[in-house]
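Visitor: Pasting in a structure now, in structure tokens, and then I'll have a few things to ask.
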Amino acid sequence: MSMDDESLYEEFRGNVRRLATEKVAPHAAAYDREARFPEESLQAFKQLGLVGLAFGEDVGGQGGDVLVQCIALEELGRVCASSSLTLMVIWAGLVPIAKHGSPKLIDEAIRPAMSGNTVASICLTEPHGGSNLFGLKTRAERTAAGWVINGQKRYISNAGRSDWYTVLAATGEKTFGLFAVHKDDPGITIGKKESKLGIKGSPTADVIFENCTIPEHRAVGDPSKGYDYISESLTWTRALIGAQALGIAQGALDEGVRYTAEREQFGQALSKFQMLRGMVGEMATAVEAGRSLLYRAAEAIDVGDPHARSLASMAKLFCSDTAMKVTVDALQLHGGAGYTADFPIERMLRDAKITQIYEGANEIQKLIIAKDVYARQEQAA
């Protein structure tokens with residue numbers, strides 16, 4: 001589904017926007033209020049085959065490029081961050097398996113997932129650290145029965161609802177592997193569900209492995225190259241988080257514009273007040289700038305640009321910071337009404353914050369960007 005014609009991208013955007021507006025938005029407040037998994041959204045994804053977007057046609061997917069994936073997450077994030085995250089995490093958990101797994105593992109985990117019923121998680125973070133993947137303590141040991149995994153993963157999205165958990169574990173003193181663990185494998189348990197500020201429709205919990213035994217073929221690719229696989233994947237998923245954040249920002253802008261156009265003070269619509277128009281102008285400019293940067297990063301990932309990692313970090317950094325600022329400003333445009341749950345803007349503000357933190361906190365993104373800047377300078381000297 002790689003598309004060169006801009007009109008095809010916009011047609012796709014329109015289709016996802018209609019799906020999001022008609023099938024996802026009506027449930028978004030309930031997902032948040034009840035902290036329940038967005039089952040209705042998962043079913044809605046099937047109408048456009050959204051789960052298959054990130055997978056090649058050789059495994060039954062649609063072969064969508066990164067820009068198409070970003071557009072889908074952006075449009076879903078515009079109305080429901082939890083639904084956008086659900087789709088993104090399914091991709092993050094299964095795509096490494098599709099890219100590096102054996103034919104047997106692909107037949108077991110990936111092809112059935114293209115129906116849209118499978119949920120997945122990616123298990124990286126541990127209790128003692130987040131960004132320091134080299135310091136992880138979860139270990140996988142090869143035995144006659146296959147692989148035995150021991151360890152604990154923290155803040156795992158979709159935990160308790162996922163069918164598959166893709167786990168990064170140490171396989172040697174300085175080597176790491178990726179492993180596909182099924183929910184029914186012996187030795188896997190789910191911890192207490194976290195109570196969170198936002199994205200409440202996406203369950204988050206620890207995933208614990210106690211002598212969790214899986215077959216030999218469930219090692220994803222080379223069991224000594226898991227860190228390489230994850231590093232490759234993070235460039236892509238950071239762009240996806242940027243897309244989710246951009247969607248939240250666009251949704252907040254939409255809400256702010258709608259409210260100020262309808263609400264009257266002193267005999268005229270709020271939208272007629274010059275100071276509010278100035279705020280809207282700044283918000284709209286930031287959103288559009290984020291969109292340009294995100295789409296540039298998506299293109300760089302697709303073509304294998306050597307600076308794709310830095311561009312993805314820029315997109316994640318800028319779009320998430322924009323989401324935070326725009327949601328705060330949009331709530332301000334609502335006045336006291338924005339502070340109530342009667343309007344979606346307070347949920348959008350709460351949802352926006354996590355985009356600055358997960359998939360590498362924004363402070364980490366700045367270091368990645370700076371490293372690339374200095375490397376370019378040295379190459380030019």
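Visitor: In the range 309-349, what residues are of a type in the set (A, V, I, L, M, F, W, C), closer than 17 Å to LEU234 by Cα and open to solvent by 10 Å² or more (accessible area, probe 1.4 Å)?
Guide: LEU311, MET314, LEU317, PHE318
Visitor: Look at the range 213-231 and say how many of its residues are surrounded by 15 or more Cβ atoms within 10 Å (Cβ to Cβ), part of a helix (DSSP H, G or I) and not aliphatic (A, V, I, L, M).
Guide: Qualifying residue count for the region: 5.
Visitor: May I ask you to list the residues in the range 150-166 that are under 18 Å from HIS128 (Cα atoms) and either of a type in the set (D, E, K, R) or more than 15 Å from the chain's Cα centre (by Cα) (or both)?
Guide: ASN150, GLY151, GLN152, LYS153, ARG154 - these are the residues of the range 150-166 that are under 18 Å from HIS128 (Cα atoms) and either of a type in the set (D, E, K, R) or more than 15 Å from the chain's Cα centre (by Cα) (or both).
Visitor: OK, next. Restricting attention to the range 130-158, and to residues there that are at negative phi and in contact with a helix residue (DSSP H, G or I) (Cβ under 7 Å, 6 or more places away or on another chain), which single residue is modelled with the lowest pLDDT?
Guide: Only one residue tops the list, namely SER131.
Visitor: Right, another one. For the range 70-125, name all the residues that are outside any helix (DSSP H, G or I) and open to solvent by 10 Å² or more (accessible area, probe 1.4 Å).
Guide: ARG78, VAL79, GLY101, SER102, ASN117, THR118, ILE122, LEU124, THR125
Visitor: Kindly indicate the residue of the range 126-140 that is assigned to a loop (DSSP other than H, G, I, E, B) and surrounded by fewer than 16 Cβ atoms within 10 Å (Cβ to Cβ) and also nearest to the chain's Cα centre (by Cα) among those meeting that condition.
Guide: SER131
Visitor: Using the structure shown, decide if MET275 is aliphatic (A, V, I, L, M), in contact with a Leu (Cβ under 6 Å, 6 or more places away or on another chain) and assigned to a helix (DSSP H, G or I).
Guide: Answer is no for this residue.
Visitor: Still on this structure, please answer the following. Here is a list: TYR31, TYR9. Which entry is touching a residue at least 12 places away in the same chain (Cβ under 8 Å), closer than 28 Å to ARG296 by Cα and not in a loop (DSSP other than H, G, I, E, B)?
Guide: TYR9
Quick grid of which residues meet (1) crowded, with 24+ Cβ neighbours inside 10 Å; (2) under 25 Å from PRO344 (Cα atoms); (3) of a type outside the set (S, T, N, Q); (4) under 17 Å from the mean Cα position of the chain (by Cα):
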site	(1), (2), (3), (4)
THR237	no, no, no, yes
GLN244	yes, yes, no, yes
ALA249	yes, yes, yes, yes
ALA261	no, yes, yes, no
ARG277	no, yes, yes, no
VAL280	no, yes, yes, no
ARG291	no, yes, yes, yes
TYR295	no, no, yes, yes
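Visitor: Looking at the range 299-381, what helices (runs of 4 or more DSSP H) fall wholly within it and have at least 3 residues that are among the acidic types (Asp, Glu) and over 13 Å from GLN244 (Cα atoms)?
Guide: Helices (runs of 4 or more DSSP H) meeting the threshold: 362-380.
Visitor: Give me a count of the residues in the range 167-193 that are of a type in the set (Lys, Arg), over 21 Å from the mean Cα position of the chain (by Cα) and farther than 15 Å from ILE230 by Cβ.
Guide: Summing the residues that are of a type in the set (Lys, Arg), over 21 Å from the mean Cα position of the chain (by Cα) and farther than 15 Å from ILE230 by Cβ in the range 167-193 gives 2.
Visitor: Next question, about the same structure. What are the residue pairs meeting all of these: first residue in the range 330-355, first residue farther than 18 Å from SER84 by Cβ, second residue of a type in the set (S, T, N, Q) and in a helix (DSSP H, G or I), Cβ atoms under 8 Å, and 6 or more apart or on different chains?
Guide: Pairs found: LEU333/THR260; GLY338/GLN332.
Visitor: Next up: Output the number of the condition that TYR165 fails; it satisfies all remaining conditions of (1) in a strand (DSSP E or B); (2) of a type outside the set (A, V, I, L, M, F, W, C); (3) open to solvent by 10 Å² or more (accessible area, probe 1.4 Å); (4) within 28 Å of GLN47 (Cα to Cα).
Guide: That leaves (3) as the condition not met.
Visitor: Then there is this: Restricting to the range 16-56, name every residue that is of a type in the set (S, T, N, Q) and surrounded by 15 or more Cβ atoms within 10 Å (Cβ to Cβ).
Guide: Listed by number, the list holds a single entry, SER41.
Visitor: How many residues does the range 148-161 hold that are surrounded by 24 or more Cβ atoms within 10 Å (Cβ to Cβ) and over 18 Å from GLU210 (Cα atoms)?
Guide: 2
The values are calculated or read from the model by the stated rules, or taken from the named source; none is laboratory data. Everything quoted here is computed from the prediction, not taken from an experiment. Note that we place each Cβ from the backbone using ideal geometry, even for glycine, and neighbour counts take in every protein chain shown. We work out accessible area using only protein heavy atoms, side chains counted, and drop any ligands, DNA or RNA first. Shrake-Rupley method; radii C 1.70, N 1.55, O 1.52, S 1.80 Å.
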